[in-house]
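Trainee: Before we start, here is the structure in question, set down as structure tokens.
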Amino acid sequence: MDYPLPPAGSRLIGQNQTYTIQEGDNKLQTIARRFNTAAQVILETNNTIAPVNPAPGTVITIPSQMLLPDTPREGIVVNLAELRLYYFPPGENIVQVFPLGIGQLGLETPVSTTRVSQKIPNPTWTPTA
């Protein structure tokens, strides 16, 4: 999601939103994707709702207001505590914010020794059926 950069000296971007859960909204993950955020962030903001089969008619807060990390506004900045990636495109007065997923505890990527066996310039890709 694109946000205009705040004025110098400010780090606040975006604005919180509300959403009324509809029939068929059976997972917070689905709602989170609609608002380009993480289900965990919605759950932390609305700690009284069920993550699966939340009650229709329930009004929840979508946390769309955030503080930019206190770092130089250039390139890519990853904030694991927020589960967000910030991208500051060069020459533009915007920041692009993306949700991050980091996996699950106990399911870490195994450490191994690998090697590149073949490099193909400009390869084609065919999706599997």
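Trainee: Looking at (1) of a type in the set (S, T, N, Q); (2) within 24 Å of G103 (Cβ to Cβ); (3) in contact (Cβ under 8 Å) with a residue 24 or more places away in the chain, which one does Q65 not meet, given that it meets all the others?
Mentor: Failed condition: (2).
Trainee: Please tell me if N79 is in contact with a Pro (Cβ under 7 Å, 6 or more places away or on another chain) and more than 17 Å from Q17 (Cα to Cα).
Mentor: Details: in contact with a Pro (Cβ under 7 Å, 6 or more places away or on another chain): yes; more than 17 Å from Q17 (Cα to Cα): yes.
For N79, the condition - in contact with a Pro (Cβ under 7 Å, 6 or more places away or on another chain) and more than 17 Å from Q17 (Cα to Cα) - is met.
Trainee: Being modelled with pLDDT of 90 or more, among the polar types (S, T, N, Q) and either over 18 Å from D2 (Cβ atoms) or in contact with a Leu (Cβ under 9 Å, 6 or more places away or on another chain) (or both) is the filter here; which residues of the stretch 12-65 pass it?
Mentor: T18, T20, Q22, T45, N46, T58, T61, Q65
Trainee: Does the stretch 82-123 hold any residues that are open to solvent by less than 100 Å² (accessible area, probe 1.4 Å), part of a loop (DSSP other than H, G, I, E, B) and closer than 25 Å to F35 by Cα, and which are they?
Mentor: Within the stretch 82-123, E82, L83, P89, L100, G101, G103 qualify.
Trainee: Let me ask something else about it. Being acidic (D, E) and either in a helix (DSSP H, G or I) or open to solvent by less than 60 Å² (accessible area, probe 1.4 Å) (or both) is the filter; apply it to the stretch 8-49 and report the residue that is farthest from Q65 (Cα to Cα).
Mentor: D25
The values are calculated or read from the model by the stated rules, or taken from the named source; none is laboratory data. It should be emphasised that the depicted structure is a prediction, and the values quoted were computed from it without experimental measurement. Heads up, the Cβs are rebuilt from the backbone with ideal geometry, glycines too, and the neighbour counts pull from every protein chain shown. Just the protein is used for accessible areas: all its heavy atoms, side chains included, with ligands, DNA and RNA removed. Shrake-Rupley method; radii C 1.70, N 1.55, O 1.52, S 1.80 Å.
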